[in-house]
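Here is the structure we will look at, set down as structure tokens.
The values are calculated or read from the model by the stated rules, or taken from the named source; none is laboratory data. Keep in mind it's a predicted model, so treat the numbers as computed, not measured. As a convention, Cβ positions derive from the backbone with ideal geometry for all residues, glycine included, and neighbour counts pool all protein chains shown.
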Amino acid sequence: MILAHLPTGYLIGGLLERHLRPATCSSRLWMAVALLGAFAPDLDMLYFHLVDGRQHHHHSYWSHWPVVWFGTLALALTWRQLARRALAPVMLALFTLNGCVHLILDSVVGDIWWLAPWVDQPFALATVTPRYQPWWLNFLLHWSFLLELTLLGAALWLARRRRRNTAAQVAI
Ligand SMILES: [Zn+2]
């Protein structure tokens, strides 16, 4: 995915906010954590470029392993069951949920090692065939880019609706 990670994080944060955001957490912090989780797996690009010398696919690092994100999400949800009023578990659940969705989106046309570290085999739903130059044109002309645009459009729609609701609350 090229465009959709942050918009999808915004969508998930926005849709869950009304039901799950604790009163002690500001809307701004809630959305910041959602966006950070949606982007966090790709922070490994720093390691990829600065340390690894681009020798391995960054999706093969533990920071893109589903067991890390889904396992931490399961721990966060268990913690939340044990401490329902605490802020940290629900924020961790929001962060890791968006990390999990990041991996699902990555797996549409990008390899994800779903069974790592036990099986060294990447999986992707579809393959982008290299037909055009420059390379990014292949992604722009692939059906998966429609999915990206749909998620971006939905996030823009939600942002507009949230802004309207905020303006209406200020006016009351
Ligand atoms: Zn990624």
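Kindly indicate the residue of region 106-122 that is not hydrophobic (A, V, I, L, M, F, W, C) and not in a loop (DSSP other than H, G, I, E, B) and also nearest to the ligand (Cβ to nearest atom) among those meeting that condition. Lay out the reasoning, then the answer.
Initial filter on region 106-122 (not hydrophobic (A, V, I, L, M, F, W, C)): 106-107, 110-111, 117, 120-122.
So of that shortlist, the ones also not in a loop (DSSP other than H, G, I, E, B) come out as 106-107.
Working: ASP106: 4, SER107: 9 Å.
The qualifying residue nearest to the ligand (Cβ to nearest atom) is ASP106.
One residue stands out in region 28-50 among those that are over 21 Å from PRO66 (Cα atoms) and out of contact with any Lys or Arg (no Cβ under 7 Å at 6 or more places or on another chain): the one that is nearest to the ligand (Cβ to nearest atom), namely HIS49. In the set LEU97, LEU103, only one residue is touching a strand residue (DSSP E or B) at 6+ places or on another chain (Cβ under 8 Å), of a type in the set (A, V, I, L, M) and not in a loop (DSSP other than H, G, I, E, B); that residue is LEU103. In summary, ARG85 fulfils each of the numbered conditions (1) loosely packed, with under 15 Cβ neighbours inside 10 Å; (2) within 15 Å of the ligand (Cβ to nearest atom); (3) at pLDDT below 95 with the single exception of condition (2). LEU125 meets all of the listed conditions (1) assigned to a helix (DSSP H, G or I); (2) within 16 Å of the ligand (Cβ to nearest atom) but one, namely (1). Consider region 1-27 and keep the residues that are among the small types (Gly, Ala, Ser) and more than 16 Å from the ligand (Cβ to nearest atom). The one that is farthest from CYS100 (Cα to Cα) is ALA23.
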